[in-house]
Amino acid sequence: MLSLGIDIGSLFVGAVLLDEQQNIVRSGYERHHGEPAATARKMLEAYPLADVANAVRTGSGAGALAMLGCDAVDPVVAGVEGVRKLVPDARNIIQIGGGSFSLTRLAPDGSYQRSAINSACASGTGAFLDQQSLRLQVPPTELADRAMRYDKRPPAVATRCAVFAKSDMIHLQQEGFTVDAIAAGLCVGLGHSTVDGLLSGRALTGKTAVIGGVAINSVVAGSVRDKLGVEVVVPENPNLAGALGAALVAGARGRGNGNGTAFDFSPLFAGAGAADAAAEDRGALRAPLELKLSNYPDFAWHRHWVNEDGSEIAVVEPRSGAITVSFGVDIGSTSTKAVFLDREKNVVGWIYRKTAGNPIRAVQLLMKAAQEMEREGGFAFDIKGVGTTGSGRKMIGALIGSDLATNEITAHAAAAVFIDPNVDTIIELGGQDAKFTQLQNGMVYNSIMNYVCAAGTGSFIEEQSLKLGIPLADYADRAMGKACPLTSDRCTVYMERDLDLLLARGWNREQVAAAVLHSVRDNYLNKVVGGLFIGDHIYFQGATARNRALVAAFEVELGKEIKVSRFCHLTGALGMCLLVDERIPEEKKSASFKGLQFAQADVHVDYELCDLCNNNCNLSLIKTEGGTLAWGLKCGRDYSEKKVKVRDNPTFEWWRKRHNAWLSLAPAKQTGSKQTGTKGRIGLLQSLGTYGYYPFWKKFIEELGYQAVQSPRTSEGTMHAGAAITSAEYCAPVVASHGHAVEMLAGDRADWLLVPYMMREPTPPGFTDAHFCCYVQAHPGVLEAAAGLEGKEKILSPIVLLNRPEAETARALAKGLAKLGVSEAEALRALRAAKAAQADFAAASLQLGSEALAWIEARETLGLVCIGRPYNTLDAGLTLDLPRKMAALGYPVLYLDMLPYKYADVLPEFANMYWHYGQKILATAAYVAKHPRLFGVYFTNFMCGPDSYILTYFKEIMNRVGKPYLCLQFDGHGADAGYLTRVEAALESFHSWSKIRRPEVAAVAD
Ligand code: SF4
Ligand code: SF4
């Protein structure tokens, strides 16, 4: 008799049938598209089930086959059993499946020892690879082949989180990297982050088997091999190891009917079609998706066709002869669009196509489609004025010679006002970005973009449509009218997990498709809109508005009419036609435009690593007959100049001076040999609790007779070093701090490393307490526990309670510095001097702030206040040097300690704000809210616990006076384009607000 093992994962069903000698008689592996039971049924129909005596199921979705009544074994157990058969001498198993990855350790005799699984947020899974494949328009099975075609150093892709990976990939597209290069960066990064996530710096010994669906990807498996540095074996059919293990368990334990007769599979086949009926009876909590208040347009109102390249082409009005038009192009992360607008502002035609990870190719195909449109329409375009928008606006703009490259929010708003001058609210869900825009009198006075997270965007819907096997074109029809259960709106990872759960519980695909739309809508309303006023003239823009059911999801929730234009998917391109008409003088239009014949240009992309400074920019050199366009030069140097460009920027002056003041009081940057006359070198980390307190600690160390030295500035290497030893998933500043510790303890940089337990600041009157974040408080202990951190014995960790009487604080300091033989009296003297040094620095910073404010006032310009903790706002290595880049746009940047904010302004309302930096942040917010010329830019971090609500309070303070703001969320990854788009868009709304809203706020403030 035979034994069957069946493995139901979040994406695939795997089955293995064994004979009594444990030979594989039959096996199968199929994507289930949200229908695991139906897929298993179909698969097993062809199996000799009458000969099967035993069956065992496994996998995260094993519950979907509960009707069989056979045993379910844990996926880890099944994996171990499978590997024992396939790689008998393996000591470790790395299992990378559709929804999770894990590490299992085996004893020398092959018995199970322990295992660790990824956290909910880690993304090195098959579902993650699927999502990214979709973005690149490369089938998941071909991803490794494409990656192998790229033979240079793979560009960095942040694979720790799907959201940031997408962001990095878009950035690489904008830089001209090919799909092969991005695929290589993705696969290598995924292998590395899987190992980092599972090992947290610990070493692995012994032969390691890599199994699971992702192990089929040879580049991911190779990158795991490189990172581990031990013998790694990928067995044949690694995707079936779990099913094989389950079959072995079934055979060994006789998990069938128990009497050696054929196992009864009839409940599986009797269940066919029952799931849908059952699902209807569950009492769905979400109302059916219906459009009752909104008039939805007919998109088939004009002639359009899809050409052989997949470009959707539309001729709106039949014309003949030459037509003078402006040409707007929107190069988005997932789609590229064009509009041709004549001089009477009629849309002559439009084109819509996938970007497919290659914006240059997309634009060439778009221009080819425009030539086809001319031929088919019997007219010729005389293009006068070219504008680009979208994430690829700058690179493509430079390549085709556009007249204007503008951020998407401005472009979309221009189109919305053109379509309906009364519009007061724009909801926009693009492929990667979600935006919410408020307008008054045709002007944008506030615009918000999702930080980076793509949960509330079109790409998530597209990914789920693929997973559910529902073509995007049918999605709305299938979801319309469907009621469904509640699902998470928190982030893609949690949303997706809920959806998997629904499928496993028997909800049908249509109901799950409807649930996806509710989740996306809720995520958008909670995370992007966040309580802002939603008007009565609401336009829904972006290609997602072509999904009628998603529009219905908004109508159902808001109870208002949602207007959708026939051009909803083209508003970026349409807006650029309007803006180029309005902003570029006629005689200058199309001066450098390459013409539609750019479609046939021979474009070749090469790569080069710049070694002129330690930024080591990964440059792309886009070569055409017309010359070479170099892209990705962070300093902005001309490619022909072979030296780093030093920029002189007056609006950065006060920030720079503050930094210099901090440096003069801070420890010496060099970490060289011991200065004569000192007792030794004590190192400080340029991170977390010590970052904002350099003047304090430098003075303290010097008063004790030592030389203070500091870790180098945060770099990519710092982040890598930190990620390799962190024992859990932390925010980027904590990861960076681990890296600083590695760098400081390596070699002979310092004799000691001072990492204090920074606990509390004195509580300002009116507040209940003043703590540092728990990660900051516990940091020395976490470092001590970090496996792989060499030289820990050098760490000195006194407890610092600045809220206690000086004598008590000094006693704790002396105790923590016992290894140095510091007495309480010495500690007390050093403490007093340190406090004075910190106070001097604070005064110097305030003075610089008052000079900056006077400058702003005198010039009647705007100022940008960077609000956040010093270690995540002032560290250029973590913020991609964004304050400097913001200043380069022409506006002074200030840090919060340069302003004379008052705690009283947020009391008694926020008396329970017990985070020290939270108090500063909210008080600064209150100051900025009242100031007519200052605008707040909040610097936060992915996974920051305190900010999850401090940010809400910050928004509340701003929303009360209707003042626009900008929030930027960082995660230590390398792409700045998305952030700059947000900054540029925010600046436009700051300006508009100043024109139309400032007088009102001034009245309120008075
Ligand atoms: S910043 Fe400039 S000089 Fe430095 S690596 Fe990049 S391109 Fe080269
Ligand atoms: S406050 Fe936020 S960013 Fe700072 S250490 Fe804590 S979690 Fe990280």
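Summary of computed values
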{"read-out": "Residue within segment 574-597 that is open to solvent by less than 40 Å² (accessible area, probe 1.4 Å) and within 16 Å of ligand 1 (Cβ to nearest atom) present", "value": "no"}
{"read-out": "Positions within segment 168-190 being under 30 Å from A90 (Cα atoms) and either among the basic types (K, R) or touching a residue at least 40 places away in the same chain (Cβ under 8 Å) (or both), in sequence order", "value": "A183, L186, C187, V188, L190"}
{"read-out": "Condition check for E703: open to solvent by 50 Å² or more (accessible area, probe 1.4 Å), at pLDDT 90 or above and away from ligand 2 (no atom under 16 Å from the Cβ)", "value": "yes"}
{"read-out": "Residues of segment 562-615 satisfying the condition of being of a type in the set (S, T, N, Q) and closer than 30 Å to K643 by Cβ", "value": "S592, N614, N615"}
{"read-out": "Scope segment 845-891; condition open to solvent by 10 Å² or more (accessible area, probe 1.4 Å) and within 16 Å of ligand 1 (Cβ to nearest atom); matching residues", "value": "A876, G877, L880, D881, R884, K885, A888"}
{"read-out": "Conditions (1) within 13 Å of ligand 2 (Cβ to nearest atom); (2) open to solvent by 10 Å² or more (accessible area, probe 1.4 Å); number of the one not met by Y903", "value": "(1)"}
{"read-out": "Residue list for segment 171-227, restricted to those being under 30 Å from I400 (Cβ atoms), at pLDDT below 80 and either open to solvent by less than 10 Å² (accessible area, probe 1.4 Å) or part of a helix (DSSP H, G or I) (or both)", "value": "H171, L172, Q173, Q174, G176"}
{"read-out": "Residue satisfying condition, being open to solvent by 50 Å² or more (accessible area, probe 1.4 Å) and touching a residue at least 40 places away in the same chain (Cβ under 8 Å), within set A55, A50", "value": "A50"}
{"read-out": "Yes/no for T571 being within 30 Å of N547 (Cα to Cα), away from ligand 1 (no atom under 16 Å from the Cβ) and either in contact with a helix residue (DSSP H, G or I) (Cβ under 8 Å, 6 or more places away or on another chain) or free of Cβ contacts under 8 Å to residues at least 24 places away in the same chain (or both)", "value": "yes"}
{"read-out": "Contacts under 6 angstrom Cβ, first residue in segment 458-472 being part of a loop (DSSP other than H, G, I, E, B), partner modelled with pLDDT of 85 or more, 6 or more apart", "value": "I470/R478; I470/A513"}
{"read-out": "Those residues of segment 598-612 which are within 29 Å of the chain's Cα centre (by Cα) and within 16 Å of ligand 1 (Cβ to nearest atom), in sequence order", "value": "D606, Y607, E608, L609, C610, D611"}
{"read-out": "Selection from segment 322-356 of residues that are over 24 Å from A591 (Cβ atoms) and either touching a Ser or Thr at 6+ places or on another chain (Cβ under 8 Å) or open to solvent by 20 Å² or more (accessible area, probe 1.4 Å) (or both)", "value": "G332, S333, T334, S335, N346, Y352, R353, K354, T355, A356"}
{"read-out": "Boolean, C967 is assigned to a loop (DSSP other than H, G, I, E, B) and either within 16 Å of ligand 1 (Cβ to nearest atom) or crowded, with 19+ Cβ neighbours inside 10 Å (or both)", "value": "no"}
{"read-out": "Positions within segment 731-771 being assigned to a loop (DSSP other than H, G, I, E, B) and over 27 Å from G717 (Cβ atoms), in sequence order", "value": "E761, P762, T763, P764, P765, G766, F767, T768, D769, A770"}
{"read-out": "Pick from segment 624-633, criterion free of Cβ contacts under 8 Å to residues at least 40 places away in the same chain and surrounded by 15 or more Cβ atoms within 10 Å (Cβ to Cβ), ranking: farthest from ligand 1 (Cβ to nearest atom)", "value": "A630"}
{"read-out": "Residue match in segment 642-657 (condition: surrounded by fewer than 22 Cβ atoms within 10 Å (Cβ to Cβ), modelled with pLDDT under 80 and more than 16 Å from ligand 1 (Cβ to nearest atom))", "value": "no"}
{"read-out": "Options G14, G34: the member that is under 16 Å from N237 (Cα atoms), of a type outside the set (S, T, N, Q) and touching a Gly at 6+ places or on another chain (Cβ under 8 Å)", "value": "G14"}
{"read-out": "Segment 604-617, subset in contact (Cβ under 8 Å) with a residue 40 or more places away in the chain and open to solvent by less than 40 Å² (accessible area, probe 1.4 Å), residue nearest to ligand 2 (Cβ to nearest atom)", "value": "Y607"}
{"read-out": "Of all residues making up segment 951-964, the number that are surrounded by fewer than 23 Cβ atoms within 10 Å (Cβ to Cβ) and within 14 Å of ligand 2 (Cβ to nearest atom)", "value": "1"}
{"read-out": "Filtered residue count, segment 772-796, keeping only those that are under 23 Å from S715 (Cα atoms) and either among the hydrophobic types (A, V, I, L, M, F, W, C) or within 15 Å of ligand 2 (Cβ to nearest atom) (or both)", "value": "10"}
{"read-out": "Filter result (small (G, A, S) and over 39 Å from the mean Cα position of the chain (by Cα)) within segment 692-713", "value": "G705"}
{"read-out": "Qualifying positions in segment 789-827 - part of a helix (DSSP H, G or I) and within 29 Å of T726 (Cβ to Cβ)", "value": "K792, E793, K794, A812, L813, K815, G816, A818, K819, L820"}
{"read-out": "Yes/no for T952 being β-branched (V, I, T) and within 18 Å of the chain's Cα centre (by Cα)", "value": "no"}
{"read-out": "Selection within segment 840-875 - outside any loop (DSSP other than H, G, I, E, B), among the hydrophobic types (A, V, I, L, M, F, W, C) and within 16 Å of ligand 2 (Cβ to nearest atom)", "value": "C866, I867"}
{"read-out": "Meets criteria (closer than 23 Å to W631 by Cα, in contact with a strand residue (DSSP E or B) (Cβ under 8 Å, 6 or more places away or on another chain) and touching a residue at least 24 places away in the same chain (Cβ under 8 Å)) for L365", "value": "yes"}
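Listed here are the residues, each with its yes/no results for (1) closer than 26 Å to D947 by Cα; (2) part of a helix (DSSP H, G or I); (3) of a type in the set (S, T, Y); (4) at pLDDT below 85.
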residue: K963; (1), (2), (3), (4): yes, no, no, no
residue: A975; (1), (2), (3), (4): yes, no, no, yes
residue: G978; (1), (2), (3), (4): yes, yes, no, yes
residue: T981; (1), (2), (3), (4): yes, yes, yes, yes
residue: E984; (1), (2), (3), (4): yes, yes, no, no
residue: F990; (1), (2), (3), (4): yes, yes, no, no
residue: E1000; (1), (2), (3), (4): no, yes, no, yes
residue: A1003; (1), (2), (3), (4): no, yes, no, yes
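The values are calculated or read from the model by the stated rules, or taken from the named source; none is laboratory data. If you're wondering where the values come from, they're calculated on a predicted model, not measured in any experiment. Here the Cβ is made from the backbone with ideal geometry for all residues, glycine too, and neighbour counts use every protein chain on show. Calculation scope for accessible area: heavy atoms of the full protein, side chains included, ligands and nucleic acids excluded. Shrake-Rupley method; radii C 1.70, N 1.55, O 1.52, S 1.80 Å.
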